[in-house]
Amino acid sequence: QATSTGADLLFRVKSTLSPCHEQTLADGSWIASIKPTSGTGRGGREPHRVRVIDYTIDGDGQYRLITTLLDPLIAPAKELAKLYSE
């Protein structure tokens with residue numbers, strides 16, 4: 001619903017979430033697809049294409065972000081990770 005408004009999303013997910021890998025990008029992030037797991041008609045809906053950013057914060061563990069910003073030139077992974085942690 002949020003993406004239908006034209007908004008771009010960036011959110012943290014469990015690092016154990018395993019979306020379907022499609023392509024690794026030059027900045028270390030990767031394109032993936034995630035299937036809807038809730039809602040009416042979820043079985044017939046198309047998967048969402050997202051970009052996955054895995055990163056580590058010193059002494060604080062591993063994190064995984066998912067974003068609708070698919071182009072690493074417009075939104076580099078390191079920049080998104082830094083912005084999210086702020």
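Consider the range 9-21. How many of its residues are open to solvent by less than 100 Å² (accessible area, probe 1.4 Å), assigned to a loop (DSSP other than H, G, I, E, B) and within 22 Å of Leu83 (Cα to Cα)?
Here the count works out to 3.
I need the full set of residues from the range 22-36 which are touching a residue at least 12 places away in the same chain (Cβ under 8 Å), farther than 17 Å from Leu80 by Cα and not hydrophobic (A, V, I, L, M, F, W, C), in order please.
Within the range 22-36, Glu22, Ser33, Lys35, Pro36 qualify.
The values are calculated or read from the model by the stated rules, or taken from the named source; none is laboratory data. Computed from a predicted model, the values in this text were never measured in an experiment. Using ideal geometry, Cβ is built from the backbone for each residue, glycine included, and neighbour counts are taken over all protein chains shown. Quick note on the areas: whole protein, heavy atoms, side chains included, nothing else; ligands and nucleic acids left out. Shrake-Rupley method; radii C 1.70, N 1.55, O 1.52, S 1.80 Å.
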